[in-house]
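The values are calculated or read from the model by the stated rules, or taken from the named source; none is laboratory data. Because the structure is predicted, anything quoted here is derived from the model rather than measured. Neighbour counts run over all protein chains shown; Cβ positions are idealised from the backbone, glycine included. Note: accessible area is taken over every heavy atom of the protein model, side chains too, but ligands, DNA and RNA are not part of it. Shrake-Rupley method; radii C 1.70, N 1.55, O 1.52, S 1.80 Å.
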Amino acid sequence: MAWGPKGGRGVDDLIDKLIRNDPSLTSLHIFSSRKFGREEVQQICAALKSNIVLKELYASGHSLTSETAGLLGAMLASNTSLVSLCVGNDALGDAVSLCGIGDML
């Protein structure tokens, strides 16, 4: 499922599917044209902590702060289903290991 163009499905629908472990949601692409800031990352991570269905999360092209990277890292500590994670942009660089994500890989 793609979370992309403005006017399309919003975060609430996706969060609901993640919380319900909807078997149709095994791959999620959040296009760079869509807002994916602290609030959205926090909501996705909270839902993914107990999700056992999603296998792939793609959110490349979005800036991450140390806080949002830390949220992702904390989520990875408890999520057992993700096998592919693609986040951040070229500004992230090697800082990922300082933010908690690198420790979970």
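Given the residues Ser63, Ser24, Ser33, which is the only one that is over 21 Å from Ser78 (Cα atoms), open to solvent by 50 Å² or more (accessible area, probe 1.4 Å) and at pLDDT 85 or above?
Only one candidate qualifies: Ser24.
Look through Leu105, Leu18 and report the one residue that is surrounded by 13 or more Cβ atoms within 10 Å (Cβ to Cβ) and either out of contact with any helix residue (DSSP H, G or I) (no Cβ under 7 Å at 6 or more places or on another chain) or at pLDDT 85 or above (or both).
Going through Leu105, Leu18 in turn, the sole match is Leu18.
Can you tell me which residue within region 36-59, out of those that are β-branched (Val, Ile, Thr) and open to solvent by less than 80 Å² (accessible area, probe 1.4 Å), is modelled with the highest pLDDT?
This residue is Val53.
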